[in-house]
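A quick write-up on the structure given underneath.
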Amino acid sequence: MSWLTQHSDVISAAGTVGMFLVWVVYAQMFYKDYRRRRRPRILIDDMAGPGAESTCTVVNLSSEIIYLERIIAVVETANGDYTAPITERTPISSSEQPDREIVSLTRQGPIPPGELISIGTLEDMVNVAMDVPSDADTPLDDVSCVEVRVVATMSSEDNPVGAYKRFQMLEQGERSEATTLGTHQMYKRREKQEVMRWLRRR
């Protein structure tokens, strides 16, 4: 008992330091959880339709609204790669189309959390990227892979964020298969720099 009395100041200081360390650990845990919740999460998926006729969608799984800036298609063939934005830039009267349809038609605009838009079929993207005439057949025999890239802006991020997913074209476009189960998210500093390079390329 006398030892505790003699060293009460030391014990009190140690307890204070210990409590401070506990709060530091909790603060770090809360901060990491906050950052995780604020991270952008954009899902790219193909659905409804076989192979090149699969309709691709973009789903906003983030906790806040994202503004869809650009959709980019990269088509890989034996003769090289073809890259082009597939964002529609034809003017559309807002009086003729509801807001949600405008976003789907232009592939630009805000997407609330939990909502999705259609961005066209894989075949559509091949036609745009390879500049195939409207009266010509899509050269699916030459296509080995289609990479779909999404560029978006969020209020919580200073620079645009991105996401991409790759789809292998099999059996001359009769079948398509994602090369990964999930969508690759690009929100780290170096990845954001790559997203900015996507935007600068024409």
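The values are calculated or read from the model by the stated rules, or taken from the named source; none is laboratory data. Computed from a prediction, not measured in an experiment: that's the story for all the values here. Here the Cβ is made from the backbone with ideal geometry for all residues, glycine too, and neighbour counts use every protein chain on show.
Structure notes:
- Residues being modelled with pLDDT of 90 or more and closer than 16 Å to A84 by Cβ - total across region 131-156: 8
- Filter result for D124 (closer than 23 Å to S54 by Cα, surrounded by fewer than 13 Cβ atoms within 10 Å (Cβ to Cβ) and assigned by TED's automatic domain parsing to the domain that holds S62): no
- Exclusive hit being touching a His at 6+ places or on another chain (Cβ under 6 Å) and either in the same structural domain as C145 (by TED's automatic domain parsing) or not polar (S, T, N, Q) (or both), set Y164, Y187: Y164
- Restricting attention to region 157-202 and to residues that are among the polar types (S, T, N, Q) and under 15 Å from the mean Cα position of the chain (by Cα), the residue that is farthest from T83 (Cα to Cα) turns out to be N159.
- For region 104-115, taking the residues that are in a strand (DSSP E or B) and modelled with pLDDT of 90 or more, the one that is surrounded by the fewest Cβ atoms within 10 Å (Cβ to Cβ) is identified as P110.
- When every residue of region 88-103 is checked against the conditions, none turns out to be more than 19 Å from E53 (Cα to Cα), in a loop (DSSP other than H, G, I, E, B) and modelled with pLDDT of 85 or more.
- Top-ranked residue of region 166-198 - restricted to ones that are out of contact with any Gly (no Cβ under 8 Å at 6 or more places or on another chain) and of a type in the set (K, R), ranked as nearest to T77 (Cα to Cα): R166
- Looking only at region 149-172, and only at residues there that are β-branched (V, I, T) and surrounded by 21 or more Cβ atoms within 10 Å (Cβ to Cβ), the one that is nearest to T183 (Cα to Cα): V150
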